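Working notes, beginning with the structure itself.
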Amino acid sequence: MSKFQRGYADIVIGTQYGDEGKARVIDDIANNYDIIARFNGGPNAGHTIEANGIRIALRQVPSAVLHGEKLLYVGSGCVIDLEKLRDEIASIEGHGVYLKDRLRVSSQASVIQPHHKLIDEIIGGEIGTTKNGIGPAYSDRAIRMNGSLIANVRLGDLVDNPDKYFTIIENNFRLAQQRYGFQTIDLRAIIESMRVGLEDIKQYIELDTLFVQKKIREGSRILFEGAQSFMLDVNKGSVPYVTASPTNAAAAFTGGDLPPNFHGKTIGVVKAVMSRVGHGPFVSEFGGKASEEYCMAVKIDGLSVNSKKVESELPIDTLIASNNDFEVGQAFRVLSNEYGTVTGRPRRVGNLDLVQLRHAVAVNGIDEIVITKCDLLRNYSSTTRRQLAIVVGYKLDGKEIDYIPGSTDSYRRVEPIYEYMNGFSEDITTAKTFKELPEALKIFIDRVEKIVGCKVRGVSVGPDRCQYIQKS
Ligand code: IMP
(Lines give C-alpha, C1' and ligand atoms only; values in the text may rest on other atoms or scores of the structure.)
Protein backbone atom coordinates (compact mmCIF):
# COMPACT_ATOMS: atom_id res chain seq x y z
CA MET A 1 0.00 0.00 0.00
CA SER A 2 1.16 3.51 -0.78
CA LYS A 3 3.35 5.32 1.67
CA PHE A 4 1.28 8.39 0.76
CA GLN A 5 -1.71 6.76 2.51
CA ARG A 6 -4.19 8.24 0.05
CA GLY A 7 -5.72 6.39 -2.87
CA TYR A 8 -4.35 3.20 -4.36
CA ALA A 9 -4.17 1.41 -7.67
CA ASP A 10 -5.10 -2.23 -8.29
CA ILE A 11 -4.37 -4.00 -11.54
CA VAL A 12 -6.25 -6.58 -13.60
CA ILE A 13 -4.30 -8.44 -16.27
CA GLY A 14 -4.90 -11.51 -18.40
CA THR A 15 -2.42 -14.26 -17.59
CA GLN A 16 -2.55 -16.19 -20.87
CA TYR A 17 -2.87 -15.22 -24.56
CA GLY A 18 -5.83 -12.85 -24.34
CA ASP A 19 -9.59 -13.25 -24.41
CA GLU A 20 -9.68 -14.56 -20.82
CA GLY A 21 -12.71 -12.43 -19.96
CA LYS A 22 -10.93 -9.47 -18.33
CA ALA A 23 -13.74 -7.08 -19.23
CA ARG A 24 -16.32 -9.01 -17.26
CA VAL A 25 -14.01 -9.17 -14.23
CA ILE A 26 -13.53 -5.39 -14.48
CA ASP A 27 -17.28 -4.99 -14.79
CA ASP A 28 -17.79 -7.09 -11.65
CA ILE A 29 -15.42 -5.06 -9.48
CA ALA A 30 -15.58 -1.58 -11.04
CA ASN A 31 -17.91 -0.34 -8.30
CA ASN A 32 -15.03 -0.53 -5.82
CA TYR A 33 -13.02 2.08 -7.77
CA ASP A 34 -13.24 5.72 -8.90
CA ILE A 35 -11.15 5.57 -12.08
CA ILE A 36 -10.73 2.69 -14.54
CA ALA A 37 -7.60 3.19 -16.61
CA ARG A 38 -5.96 1.60 -19.63
CA PHE A 39 -2.18 1.60 -19.79
CA ASN A 40 -1.23 -0.24 -22.98
CA GLY A 41 -2.32 -1.13 -26.49
CA GLY A 42 -4.90 0.54 -28.69
CA PRO A 43 -7.76 -0.57 -30.91
CA ASN A 44 -6.26 -4.08 -31.13
CA ALA A 45 -8.22 -4.86 -27.97
CA GLY A 46 -11.83 -5.68 -28.63
CA HIS A 47 -14.63 -6.83 -26.42
CA THR A 48 -18.32 -6.47 -26.01
CA ILE A 49 -19.93 -5.63 -22.72
CA GLU A 50 -23.56 -6.11 -21.91
CA ALA A 51 -25.71 -4.78 -19.10
CA ASN A 52 -29.20 -3.39 -18.61
CA GLY A 53 -30.13 -4.42 -22.15
CA ILE A 54 -27.23 -2.42 -23.66
CA ARG A 55 -24.54 -4.13 -25.72
CA ILE A 56 -21.44 -2.05 -26.49
CA ALA A 57 -18.34 -2.99 -28.49
CA LEU A 58 -15.19 -1.46 -27.01
CA ARG A 59 -11.76 -1.02 -28.56
CA GLN A 60 -9.96 1.87 -26.85
CA VAL A 61 -12.30 3.06 -24.10
CA PRO A 62 -11.94 1.30 -20.70
CA SER A 63 -14.43 -1.45 -19.89
CA ALA A 64 -16.28 0.26 -17.04
CA VAL A 65 -18.11 2.49 -19.48
CA LEU A 66 -21.50 1.30 -18.24
CA HIS A 67 -20.68 2.34 -14.67
CA GLY A 68 -22.04 5.84 -15.15
CA GLU A 69 -20.19 7.72 -12.43
CA LYS A 70 -16.70 6.27 -12.98
CA LEU A 71 -13.91 8.23 -14.64
CA LEU A 72 -12.26 6.46 -17.58
CA TYR A 73 -8.61 7.16 -18.32
CA VAL A 74 -6.45 6.13 -21.28
CA GLY A 75 -2.79 6.43 -20.34
CA SER A 76 0.38 7.53 -22.08
CA GLY A 77 1.31 3.89 -22.69
CA CYS A 78 -1.48 3.60 -25.26
CA VAL A 79 -1.62 4.26 -29.00
CA ILE A 80 -4.70 5.98 -30.38
CA ASP A 81 -6.52 5.73 -33.67
CA LEU A 82 -8.26 9.14 -33.84
CA GLU A 83 -11.06 8.15 -36.17
CA LYS A 84 -11.73 4.82 -34.48
CA LEU A 85 -11.84 6.54 -31.09
CA ARG A 86 -14.21 9.18 -32.44
CA ASP A 87 -16.49 6.46 -33.87
CA GLU A 88 -16.30 4.41 -30.67
CA ILE A 89 -17.31 7.42 -28.56
CA ALA A 90 -20.19 8.15 -30.96
CA SER A 91 -21.36 4.56 -30.78
CA ILE A 92 -21.22 4.54 -26.96
CA GLU A 93 -23.09 7.86 -26.77
CA GLY A 94 -25.61 6.47 -29.28
CA HIS A 95 -26.64 4.08 -26.50
CA GLY A 96 -27.35 7.02 -24.21
CA VAL A 97 -24.10 6.53 -22.26
CA TYR A 98 -22.35 9.91 -22.05
CA LEU A 99 -18.60 10.32 -21.81
CA LYS A 100 -18.36 14.08 -21.44
CA ASP A 101 -16.32 14.86 -18.29
CA ARG A 102 -15.79 11.12 -17.78
CA LEU A 103 -13.26 10.10 -20.42
CA ARG A 104 -9.71 11.48 -20.28
CA VAL A 105 -7.03 10.45 -22.78
CA SER A 106 -3.39 11.26 -22.05
CA SER A 107 -1.82 13.89 -24.30
CA GLN A 108 1.31 11.69 -24.23
CA ALA A 109 -0.44 8.77 -25.97
CA SER A 110 0.90 8.25 -29.50
CA VAL A 111 -1.16 8.64 -32.63
CA ILE A 112 -1.56 5.69 -34.99
CA GLN A 113 -0.65 7.27 -38.33
CA PRO A 114 -2.00 6.15 -41.73
CA HIS A 115 1.27 4.51 -42.76
CA HIS A 116 1.28 2.40 -39.56
CA LYS A 117 -1.83 0.55 -40.67
CA LEU A 118 -0.50 -0.05 -44.19
CA ILE A 119 2.84 -1.31 -42.87
CA ASP A 120 1.02 -3.64 -40.46
CA GLU A 121 -0.89 -5.09 -43.44
CA ILE A 122 2.44 -5.83 -45.12
CA ILE A 123 4.57 -7.10 -42.25
CA GLY A 124 2.11 -8.35 -39.64
CA GLY A 125 0.96 -11.49 -41.46
CA GLU A 126 3.28 -14.05 -39.91
CA ILE A 127 2.51 -12.85 -36.37
CA GLY A 128 -1.17 -12.68 -37.27
CA THR A 129 -1.57 -9.11 -35.99
CA THR A 130 -4.93 -7.38 -35.83
CA LYS A 131 -3.75 -5.00 -38.62
CA ASN A 132 -4.52 -1.92 -36.54
CA GLY A 133 -1.04 -0.47 -36.97
CA ILE A 134 -0.08 -1.22 -33.36
CA GLY A 135 3.46 -2.56 -33.96
CA PRO A 136 4.49 0.17 -36.42
CA ALA A 137 3.11 2.88 -34.09
CA TYR A 138 5.11 1.60 -31.12
CA SER A 139 8.09 1.13 -33.38
CA ASP A 140 7.98 4.81 -34.45
CA ARG A 141 7.75 5.69 -30.76
CA ALA A 142 11.05 3.91 -30.21
CA ILE A 143 12.64 5.26 -33.40
CA ARG A 144 11.63 8.81 -32.38
CA MET A 145 13.00 10.54 -35.51
CA ASN A 146 13.87 9.65 -39.07
CA GLY A 147 16.73 12.09 -39.58
CA SER A 148 15.13 15.46 -38.95
CA LEU A 149 11.57 14.15 -39.31
CA ILE A 150 9.66 13.42 -36.10
CA ALA A 151 8.40 9.83 -36.20
CA ASN A 152 6.36 9.68 -32.99
CA VAL A 153 3.41 12.10 -33.01
CA ARG A 154 1.46 12.36 -29.77
CA LEU A 155 -2.05 13.64 -29.12
CA GLY A 156 -0.62 16.62 -27.25
CA ASP A 157 1.48 17.55 -30.31
CA LEU A 158 -1.60 17.56 -32.54
CA VAL A 159 -3.54 19.70 -30.08
CA ASP A 160 -0.64 22.12 -29.69
CA ASN A 161 0.11 22.65 -33.37
CA PRO A 162 -2.15 20.68 -35.70
CA ASP A 163 -0.78 22.20 -38.93
CA LYS A 164 2.78 21.31 -38.08
CA TYR A 165 2.04 17.77 -36.89
CA PHE A 166 -0.43 16.83 -39.61
CA THR A 167 2.23 17.89 -42.11
CA ILE A 168 4.67 15.61 -40.27
CA ILE A 169 2.15 12.76 -40.53
CA GLU A 170 1.88 13.37 -44.29
CA ASN A 171 5.67 13.39 -44.63
CA ASN A 172 5.96 10.21 -42.58
CA PHE A 173 3.50 8.60 -44.95
CA ARG A 174 5.53 9.61 -48.02
CA LEU A 175 8.73 8.32 -46.47
CA ALA A 176 7.12 4.98 -45.61
CA GLN A 177 5.62 4.82 -49.10
CA GLN A 178 9.10 5.02 -50.62
CA ARG A 179 10.32 2.28 -48.32
CA TYR A 180 7.39 -0.10 -48.58
CA GLY A 181 5.97 0.87 -51.97
CA PHE A 182 2.32 1.10 -50.96
CA GLN A 183 -0.13 2.11 -53.60
CA THR A 184 -1.00 5.78 -53.85
CA ILE A 185 -3.98 6.59 -51.69
CA ASP A 186 -5.94 9.78 -51.20
CA LEU A 187 -3.72 10.98 -48.39
CA ARG A 188 -5.29 14.45 -48.29
CA ALA A 189 -8.73 12.95 -47.64
CA ILE A 190 -7.31 10.71 -44.90
CA ILE A 191 -5.54 13.62 -43.19
CA GLU A 192 -8.71 15.70 -43.44
CA SER A 193 -10.67 12.91 -41.80
CA MET A 194 -8.04 12.71 -39.03
CA ARG A 195 -8.33 16.49 -38.51
CA VAL A 196 -12.08 16.15 -38.08
CA GLY A 197 -11.49 13.20 -35.74
CA LEU A 198 -9.12 15.32 -33.66
CA GLU A 199 -11.65 18.15 -33.37
CA ASP A 200 -14.27 15.66 -32.20
CA ILE A 201 -12.11 14.07 -29.53
CA LYS A 202 -10.20 17.18 -28.41
CA GLN A 203 -12.46 17.67 -25.41
CA TYR A 204 -11.35 14.26 -24.06
CA ILE A 205 -7.61 14.89 -24.36
CA GLU A 206 -6.05 15.49 -20.94
CA LEU A 207 -3.26 18.04 -21.11
CA ASP A 208 -2.34 17.73 -17.44
CA THR A 209 0.25 14.93 -17.36
CA LEU A 210 -0.21 14.66 -13.57
CA PHE A 211 -3.97 14.09 -13.88
CA VAL A 212 -4.08 10.58 -12.38
CA GLN A 213 -1.44 11.41 -9.84
CA LYS A 214 -3.47 14.36 -8.53
CA LYS A 215 -6.59 12.21 -8.34
CA ILE A 216 -4.91 9.44 -6.38
CA ARG A 217 -3.37 11.90 -3.95
CA GLU A 218 -6.91 13.19 -3.33
CA GLY A 219 -7.90 9.64 -2.44
CA SER A 220 -9.15 8.15 -5.72
CA ARG A 221 -9.06 4.38 -6.11
CA ILE A 222 -7.75 3.37 -9.53
CA LEU A 223 -8.26 0.10 -11.35
CA PHE A 224 -5.77 -0.52 -14.13
CA GLU A 225 -7.19 -2.63 -16.93
CA GLY A 226 -4.62 -4.56 -18.93
CA ALA A 227 -5.23 -4.98 -22.64
CA GLN A 228 -3.97 -8.09 -24.44
CA SER A 229 -2.37 -10.42 -21.89
CA PHE A 230 0.82 -11.44 -20.20
CA MET A 231 1.87 -14.06 -22.78
CA LEU A 232 1.56 -11.35 -25.45
CA ASP A 233 3.96 -9.01 -23.62
CA VAL A 234 6.47 -7.49 -26.04
CA ASN A 235 9.45 -8.54 -23.89
CA LYS A 236 8.29 -11.36 -21.65
CA GLY A 237 5.70 -13.12 -23.82
CA SER A 238 6.18 -15.67 -26.58
CA VAL A 239 8.33 -13.26 -28.62
CA PRO A 240 8.02 -12.55 -31.57
CA TYR A 241 4.40 -13.77 -31.59
CA VAL A 242 3.28 -11.02 -29.25
CA THR A 243 1.76 -7.59 -29.31
CA ALA A 244 3.98 -4.50 -29.40
CA SER A 245 3.38 -3.11 -25.90
CA PRO A 246 4.27 -4.32 -22.42
CA THR A 247 1.24 -6.08 -20.98
CA ASN A 248 2.76 -7.09 -17.64
CA ALA A 249 1.52 -5.68 -14.34
CA ALA A 250 4.44 -3.34 -13.71
CA ALA A 251 3.70 -1.60 -17.01
CA ALA A 252 0.44 -0.37 -15.51
CA PHE A 253 2.38 2.33 -13.71
CA THR A 254 4.57 3.56 -16.56
CA GLY A 255 1.75 3.41 -19.10
CA GLY A 256 -0.96 4.51 -16.66
CA ASP A 257 0.96 7.54 -15.42
CA LEU A 258 1.52 6.81 -11.75
CA PRO A 259 4.60 5.95 -9.70
CA PRO A 260 4.57 2.37 -8.33
CA ASN A 261 4.23 3.51 -4.71
CA PHE A 262 0.47 3.36 -5.03
CA HIS A 263 0.20 -0.32 -5.85
CA GLY A 264 -2.56 -2.15 -4.01
CA LYS A 265 -2.95 -5.62 -5.48
CA THR A 266 -2.83 -7.43 -8.81
CA ILE A 267 -5.59 -9.73 -10.02
CA GLY A 268 -4.86 -12.24 -12.79
CA VAL A 269 -7.60 -13.55 -15.06
CA VAL A 270 -7.27 -17.16 -16.18
CA LYS A 271 -9.42 -19.02 -18.68
CA ALA A 272 -10.20 -22.60 -17.63
CA VAL A 273 -9.82 -23.87 -21.21
CA MET A 274 -7.13 -21.75 -22.84
CA SER A 275 -7.20 -20.12 -26.27
CA ARG A 276 -4.91 -18.06 -28.47
CA VAL A 277 -5.15 -16.20 -31.75
CA GLY A 278 -2.13 -15.77 -33.96
CA HIS A 279 0.92 -17.95 -34.43
CA GLY A 280 3.37 -18.94 -31.70
CA PRO A 281 4.10 -21.56 -29.05
CA PHE A 282 1.12 -23.09 -27.23
CA VAL A 283 2.33 -26.12 -25.27
CA SER A 284 -1.08 -27.51 -24.32
CA GLU A 285 -2.86 -26.91 -27.65
CA PHE A 286 -5.30 -29.63 -28.67
CA GLY A 287 -3.87 -31.00 -31.89
CA GLY A 288 -0.54 -29.10 -31.68
CA LYS A 289 0.99 -27.94 -34.95
CA ALA A 290 -1.96 -29.22 -37.03
CA SER A 291 -4.31 -27.04 -35.02
CA GLU A 292 -2.03 -23.99 -35.31
CA GLU A 293 -1.88 -24.38 -39.09
CA TYR A 294 -5.59 -25.00 -39.42
CA CYS A 295 -6.55 -22.01 -37.28
CA MET A 296 -4.12 -19.68 -39.01
CA ALA A 297 -5.17 -20.67 -42.53
CA VAL A 298 -7.50 -17.77 -43.23
CA LYS A 299 -8.00 -18.96 -46.79
CA ILE A 300 -8.18 -22.38 -48.40
CA ASP A 301 -7.63 -22.50 -52.18
CA GLY A 302 -7.71 -18.70 -52.18
CA LEU A 303 -11.17 -18.55 -50.63
CA SER A 304 -11.99 -17.17 -47.19
CA VAL A 305 -13.39 -19.84 -44.93
CA ASN A 306 -15.94 -19.14 -42.25
CA SER A 307 -14.72 -21.83 -39.88
CA LYS A 308 -17.36 -21.03 -37.33
CA LYS A 309 -20.06 -22.03 -39.79
CA VAL A 310 -18.13 -25.05 -41.09
CA GLU A 311 -17.35 -26.39 -37.61
CA SER A 312 -20.86 -25.78 -36.28
CA GLU A 313 -22.04 -28.47 -38.69
CA LEU A 314 -19.58 -31.09 -37.39
CA PRO A 315 -20.76 -34.05 -35.21
CA ILE A 316 -19.54 -32.58 -31.90
CA ASP A 317 -20.51 -35.59 -29.74
CA THR A 318 -18.34 -37.84 -31.90
CA LEU A 319 -15.42 -35.43 -32.08
CA ILE A 320 -15.17 -34.79 -28.36
CA ALA A 321 -14.92 -38.55 -27.74
CA SER A 322 -12.28 -38.95 -30.45
CA ASN A 323 -8.77 -40.29 -29.84
CA ASN A 324 -7.50 -37.56 -32.14
CA ASP A 325 -6.59 -34.44 -30.15
CA PHE A 326 -7.18 -32.13 -33.10
CA GLU A 327 -10.80 -33.29 -33.28
CA VAL A 328 -11.24 -32.94 -29.52
CA GLY A 329 -9.98 -29.37 -29.95
CA GLN A 330 -12.51 -28.70 -32.68
CA ALA A 331 -15.27 -29.89 -30.36
CA PHE A 332 -14.02 -27.69 -27.49
CA ARG A 333 -13.82 -24.73 -29.89
CA VAL A 334 -17.43 -25.15 -30.97
CA LEU A 335 -18.67 -25.76 -27.41
CA SER A 336 -16.86 -22.72 -26.07
CA ASN A 337 -17.52 -20.56 -29.16
CA GLU A 338 -13.85 -19.66 -29.55
CA TYR A 339 -14.04 -17.67 -32.80
CA GLY A 340 -12.95 -14.12 -33.57
CA THR A 341 -16.02 -11.94 -33.16
CA VAL A 342 -15.56 -10.06 -36.44
CA THR A 343 -13.79 -12.55 -38.72
CA GLY A 344 -15.20 -15.86 -37.48
CA ARG A 345 -11.58 -17.02 -37.43
CA PRO A 346 -11.07 -20.05 -35.18
CA ARG A 347 -9.06 -19.53 -32.01
CA ARG A 348 -6.55 -22.20 -31.07
CA VAL A 349 -7.67 -24.00 -27.90
CA GLY A 350 -5.83 -26.04 -25.28
CA ASN A 351 -5.76 -27.48 -21.77
CA LEU A 352 -5.03 -25.30 -18.76
CA ASP A 353 -1.27 -24.86 -18.46
CA LEU A 354 -0.35 -24.41 -14.80
CA VAL A 355 3.39 -24.08 -15.41
CA GLN A 356 2.69 -21.07 -17.58
CA LEU A 357 0.23 -19.71 -15.03
CA ARG A 358 2.69 -20.16 -12.16
CA HIS A 359 5.27 -18.30 -14.25
CA ALA A 360 2.78 -15.47 -14.94
CA VAL A 361 1.88 -15.24 -11.25
CA ALA A 362 5.55 -15.00 -10.29
CA VAL A 363 6.62 -12.48 -12.95
CA ASN A 364 3.65 -10.19 -12.36
CA GLY A 365 3.39 -10.58 -8.59
CA ILE A 366 -0.24 -11.64 -8.93
CA ASP A 367 -2.06 -11.68 -5.58
CA GLU A 368 -5.26 -13.45 -6.60
CA ILE A 369 -6.72 -15.09 -9.65
CA VAL A 370 -10.16 -15.37 -11.16
CA ILE A 371 -10.85 -18.45 -13.28
CA THR A 372 -13.35 -17.75 -16.04
CA LYS A 373 -15.46 -20.14 -18.12
CA CYS A 374 -15.39 -22.93 -15.52
CA ASP A 375 -18.69 -24.21 -16.94
CA LEU A 376 -16.72 -25.41 -19.98
CA LEU A 377 -14.75 -27.88 -17.86
CA ARG A 378 -17.85 -30.04 -17.86
CA ASN A 379 -17.06 -30.98 -21.48
CA TYR A 380 -14.10 -33.07 -20.30
CA SER A 381 -16.63 -35.59 -19.01
CA SER A 382 -17.44 -36.44 -22.66
CA THR A 383 -13.81 -37.12 -23.64
CA THR A 384 -12.46 -40.70 -23.78
CA ARG A 385 -10.64 -40.22 -20.49
CA ARG A 386 -13.56 -38.40 -18.84
CA GLN A 387 -11.03 -36.49 -16.74
CA LEU A 388 -9.83 -32.90 -16.47
CA ALA A 389 -6.37 -32.47 -17.99
CA ILE A 390 -3.91 -29.92 -16.58
CA VAL A 391 -0.30 -29.25 -17.45
CA VAL A 392 1.79 -29.51 -14.27
CA GLY A 393 5.31 -29.75 -15.68
CA TYR A 394 7.50 -28.89 -18.66
CA LYS A 395 10.20 -31.03 -20.24
CA LEU A 396 12.77 -29.36 -22.47
CA ASP A 397 15.14 -31.66 -24.33
CA GLY A 398 14.49 -34.42 -21.80
CA LYS A 399 15.03 -32.21 -18.71
CA GLU A 400 12.31 -30.89 -16.44
CA ILE A 401 12.12 -27.09 -16.20
CA ASP A 402 9.83 -24.94 -14.06
CA TYR A 403 9.88 -21.74 -16.14
CA ILE A 404 9.04 -20.48 -19.61
CA PRO A 405 12.21 -20.59 -21.73
CA GLY A 406 13.56 -17.29 -23.02
CA SER A 407 13.88 -18.68 -26.54
CA THR A 408 10.87 -19.25 -28.76
CA ASP A 409 12.46 -22.23 -30.48
CA SER A 410 13.07 -23.82 -27.08
CA TYR A 411 9.51 -23.06 -26.03
CA ARG A 412 8.23 -24.82 -29.13
CA ARG A 413 10.24 -27.92 -28.10
CA VAL A 414 8.76 -28.04 -24.60
CA GLU A 415 6.70 -31.16 -23.92
CA PRO A 416 3.90 -30.91 -21.38
CA ILE A 417 3.66 -33.18 -18.36
CA TYR A 418 0.00 -33.85 -17.65
CA GLU A 419 -1.97 -34.59 -14.54
CA TYR A 420 -5.53 -35.91 -14.81
CA MET A 421 -8.22 -35.21 -12.27
CA ASN A 422 -11.81 -36.33 -11.82
CA GLY A 423 -14.20 -34.36 -13.99
CA PHE A 424 -17.85 -33.44 -13.51
CA SER A 425 -20.85 -33.63 -15.80
CA GLU A 426 -23.23 -31.29 -13.99
CA ASP A 427 -24.43 -28.07 -15.57
CA ILE A 428 -23.05 -25.41 -13.19
CA THR A 429 -24.28 -22.34 -15.06
CA THR A 430 -27.02 -21.66 -12.50
CA ALA A 431 -24.85 -22.14 -9.41
CA LYS A 432 -24.86 -19.10 -7.15
CA THR A 433 -22.51 -20.05 -4.35
CA PHE A 434 -19.17 -21.79 -4.10
CA LYS A 435 -20.78 -24.45 -1.91
CA GLU A 436 -23.06 -25.51 -4.75
CA LEU A 437 -20.18 -26.32 -7.12
CA PRO A 438 -19.37 -30.01 -7.76
CA GLU A 439 -16.77 -31.54 -5.45
CA ALA A 440 -14.53 -32.36 -8.44
CA LEU A 441 -14.40 -28.66 -9.39
CA LYS A 442 -13.56 -27.62 -5.83
CA ILE A 443 -10.72 -30.14 -5.76
CA PHE A 444 -9.53 -28.82 -9.12
CA ILE A 445 -9.51 -25.23 -7.79
CA ASP A 446 -7.56 -26.33 -4.69
CA ARG A 447 -5.06 -28.03 -6.96
CA VAL A 448 -4.66 -24.89 -9.07
CA GLU A 449 -4.03 -22.82 -5.94
CA LYS A 450 -1.46 -25.30 -4.68
CA ILE A 451 0.50 -25.66 -7.92
CA VAL A 452 0.39 -22.00 -8.86
CA GLY A 453 0.93 -20.66 -5.35
CA CYS A 454 -1.85 -18.07 -5.53
CA LYS A 455 -5.35 -17.94 -4.13
CA VAL A 456 -8.41 -18.15 -6.35
CA ARG A 457 -10.67 -15.19 -5.68
CA GLY A 458 -13.61 -16.45 -7.67
CA VAL A 459 -14.82 -18.32 -10.72
CA SER A 460 -17.23 -17.56 -13.52
CA VAL A 461 -19.73 -20.15 -14.69
CA GLY A 462 -21.24 -18.29 -17.65
CA PRO A 463 -21.10 -14.97 -19.48
CA ASP A 464 -23.68 -12.98 -17.48
CA ARG A 465 -22.90 -10.64 -14.62
CA CYS A 466 -24.75 -12.92 -12.20
CA GLN A 467 -22.70 -15.99 -13.20
CA TYR A 468 -19.69 -14.99 -11.12
CA ILE A 469 -19.07 -16.81 -7.84
CA GLN A 470 -16.83 -15.42 -5.14
CA LYS A 471 -14.80 -18.16 -3.47
CA SER A 472 -14.83 -16.91 0.09
P1 IMP B 1 -1.21 -6.72 -32.66
O2 IMP B 1 -1.42 -6.39 -31.23
O3 IMP B 1 -2.34 -6.26 -33.55
O4 IMP B 1 0.13 -6.28 -33.18
O5 IMP B 1 -1.20 -8.33 -32.79
C6 IMP B 1 -0.16 -9.12 -32.22
C7 IMP B 1 -0.69 -10.43 -31.65
O8 IMP B 1 -1.47 -10.16 -30.51
C9 IMP B 1 -1.59 -11.21 -32.62
O10 IMP B 1 -1.39 -12.59 -32.40
C11 IMP B 1 -2.98 -10.80 -32.17
O12 IMP B 1 -3.94 -11.75 -32.53
C13 IMP B 1 -2.77 -10.72 -30.67
N14 IMP B 1 -3.72 -9.81 -30.03
C15 IMP B 1 -3.73 -8.47 -30.08
N16 IMP B 1 -4.73 -7.97 -29.36
C17 IMP B 1 -5.37 -9.02 -28.81
C18 IMP B 1 -6.49 -9.13 -27.90
O19 IMP B 1 -7.10 -8.13 -27.46
N20 IMP B 1 -6.84 -10.42 -27.57
C21 IMP B 1 -6.18 -11.51 -28.02
N22 IMP B 1 -5.13 -11.44 -28.84
C23 IMP B 1 -4.72 -10.21 -29.23
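The values are calculated or read from the model by the stated rules, or taken from the named source; none is laboratory data. The shown structure was predicted, so the numbers you read here are calculated from the model rather than taken from an experiment. For neighbour counting, all protein chains shown are included, and Cβ atoms are generated from backbone atoms with ideal geometry for every residue, glycine included. Surface accessibility is based on the protein's heavy atoms, side chains included, excluding ligands, DNA and RNA. Shrake-Rupley method; radii C 1.70, N 1.55, O 1.52, S 1.80 Å.
Okay, here's what the table says:
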| item | result |
| --- | --- |
| The stretch 1-109: chymotrypsin sites (Phe, Trp or Tyr not before Pro) in DSSP loop, at most 16 other beta carbons within 10 Å | Phe4, Tyr98 |
| Carbon and sulfur %, accessible surface of the chain computed with the full protein complex present, 1.4 Å | 49 |
| Accessible area of Thr384 in the full protein assembly, 1.4 Å probe (Å², nearest 10) | 90 |
| Against the rule of thumb 2.2 N^0.38 Å, how large the Cα Rg of the stretch 334-472 comes out | 1.12 |
| q = 0.11 Å⁻¹, the stretch 236-327: log10 I(q)/I(0) [Debye, one scatterer per Cα] | -0.53 |
| Whole-Hz ³J(HN,Hα) from phi, Karplus 6.51 cos²θ - 1.76 cosθ + 1.60, for the stretch 207-217, glycine and proline x | 7, 7, 6, 9, 3, 5, 4, 5, 5, 5, 5 |
| Whole-angstrom Cα spans of the stretch 13-160 along principal axes, big to small | 51, 38, 26 |
| Global geometry of the stretch 358-428, whether rounded, prolate or oblate, following the gyration tensor of its Cα atoms and the 1.5 cut on a/c | oblate |
| Three principal axis lengths of the stretch 1-79 [C-alpha, angstrom, descending] | 39, 28, 22 |
| Candidate residues Lys399, Lys214, Lys471: accessible-area rank, largest first, probe 1.4 Å | Lys399, Lys214, Lys471 |
| Label zone at Ile54, where the point sits 7 Å out along the Cα-to-Cβ direction: the stretch 89-111 residues whose backbone N lies under 15 Å | 89-103 |
| Ellipticity estimate at 222 nm from DSSP helix runs (n ≥ 4, -39,500 (n - 2.57)) divided over the chain, nearest 500 | -9500 deg cm²/dmol |
| Per residue value of the accessible surface for the stretch 181-329 (all protein chains in place, 1.4 Å probe), Å² | 44 |
| Amide hydrogen neighbours beyond the local backbone of Val111, cut-off 5 Å, H modeled | Ile80, Val153, Arg154, Leu155 |
| Heavy atoms of Tyr403: accessible area, 1.4 Å probe, square angstrom to 10 | 100 |
| Three semi-axes of the equivalent ellipsoid, the chain, Cα gyration tensor, whole Å, largest first | 37, 27, 21 |
| Debye equation applied to the C-alpha atoms of the stretch 71-124, log10 I(q)/I(0) at 0.16 Å⁻¹ | -0.59 |
| Rounded if a/c under 1.5, otherwise prolate or oblate - the stretch 193-273, Cα gyration tensor axes | oblate |
| The stretch 172-216 - Kirkwood radius from inverse mean 1/r over Cα pairs (Å) | 13.5 |
| Rounded, prolate or oblate (a/c below 1.5 giving rounded, otherwise prolate when a/b exceeds b/c) for the stretch 79-174 by Cα gyration tensor | oblate |
| Among Ala362, Thr184, Cys295 - extreme Cα towards positive end, dipole of the chain, charges at beta-carbon | Ala362 |
| Cα-centred dipole magnitude for the chain, charges only on beta-carbon of K, R (+1) and D, E (-1), debye, nearest 20 | 720 |
| Arg221 accessible area, assembled protein chains, probe 1.4 Å, Å² | 80 |
| Relative contact order (%) - the stretch 381-472, alpha-carbon pairs under 8 angstrom, separation at least six | 24 |
| Highest-first arrangement of 26-32, 180-186, where packing means the average Cβ count within 10 Å | 26-32, 180-186 |
